[in-house]
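The values are calculated or read from the model by the stated rules, or taken from the named source; none is laboratory data. Predicted model, so just to flag it, every value in this text is computed and none were measured. Because the Cβ atoms are built from the backbone with ideal geometry, glycine has one as well, and the counts that use them run over all protein chains shown. Side chains are part of the model used for accessible areas, which takes the heavy atoms of the whole protein and leaves out ligands, DNA and RNA. Shrake-Rupley method; radii C 1.70, N 1.55, O 1.52, S 1.80 Å.
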Amino acid sequence: QVQLVESGGGLVQAGDSLRLSCAASALTFSGYAMGWFRQTPGKEREFVAAISWSGARTYYADSVKGRFTISRDNAKNTVYLQMNSLKPEDTANYYCAANRRHIDLTSGARYDYWGQGTQVTVSS
């Protein structure tokens, strides 16, 4: 059992930055790939970014590439999502997730554990 808790969301203006954090309650955190997904009411959950267990490999959705950066600090059992140049279309509830098998990191169906989400709202 892995528990994930997101934080760092809030209300910002277009062009601003936010850094989301996801703290994991697991001694084996470093063995999991981690991902960020987002969802807007009435829409499907979409992939945002993912990072391998070591941090050596990262993946990004085209919509956030060049603006968002995923990173992790295994010593702190925490994964981060640095979001720069935010746009109104980035508004969503952001979820972090853990993938213990490192398979198809862009697919939410492959993740084993999910956080409760943190809301990001970007005003125009």
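Quick check of the Kirkwood formula: for the stretch 29-85, what is the inverse mean of 1/r over all pairs of different Cα atoms, in Å? Write down the numbers at each step before the final one.
On the way: mean 1/r = 0.0840 Å⁻¹.
For the stretch 29-85, the Kirkwood estimate is 11.9 Å.
Which of the GluC sites (Glu not before Pro) found in the stretch 38-116 are in a DSSP loop and have at most 14 neighbouring Cβ atoms, other than their own, within 10 Å?
On the way: sites: GLU44, GLU46, GLU89; in loops: GLU44.
Passing sites in the stretch 38-116 are GLU44.
Extending 7 Å from the Cα toward the beta-carbon at both SER52 and ARG101 defines two label points whose distance is 1.9 nm.
When the surface is traced with a 1.4 Å probe over the full set of protein chains, ASP62 keeps roughly 130 Å² accessible. The amide H of GLN3, built 1.01 Å from its N in the peptide plane, has SER25 as neighbours under 5 Å, considering only residues 5 or more places off or on other chains.
Considering only DSSP states other than H, G, I, E and B, which trypsin sites (Lys or Arg not before Pro) in the stretch 15-66 qualify as loop sites with at most 14 other Cβ atoms within 10 Å?
Hits after loop and neighbour filter: LYS43, ARG57, LYS65.
Here's how it looks for ARG100: its modeled amide H is under 5 Å from those of ASP112, which are all 5 or more places away or on a different chain. Rounded to the nearest Hz, the phi-derived 3J(HN,Hα) couplings of the stretch 106-119 under the Karplus curve 6.51 cos²θ - 1.76 cosθ + 1.60 (θ = phi - 60°) are 8, 9, x, 5, 8, 8, 9, 9, 9, x, 7, x, 9, 7, where x marks glycine and proline. Each label point was placed 7 Å from the Cα along the Cα-to-Cβ direction; for VAL5 and THR121 their separation is 2.3 nm.
Counting only residues at least eight positions apart within a chain, or on another chain, the lysines with an alpha carbon under 25 Å from that of LYS43 are LYS65, LYS87.
Placing +1 on each Lys and Arg Cβ and -1 on each Asp and Glu Cβ, with no other charges, gives the chain a dipole about its Cα centre of roughly 240 debye.
Select from TYR95, TYR113, GLN13 the residue farthest towards the positive end of the dipole of the chain; place +1 on Cβ of Lys and Arg, -1 on Cβ of Asp and Glu, and compute about the Cα centre. Result: TYR113, furthest along the dipole toward the positive end. Ligands, DNA and RNA excluded, the heavy atoms of TYR32 present near 30 Å² of accessible surface to a 1.4 Å solvent probe.
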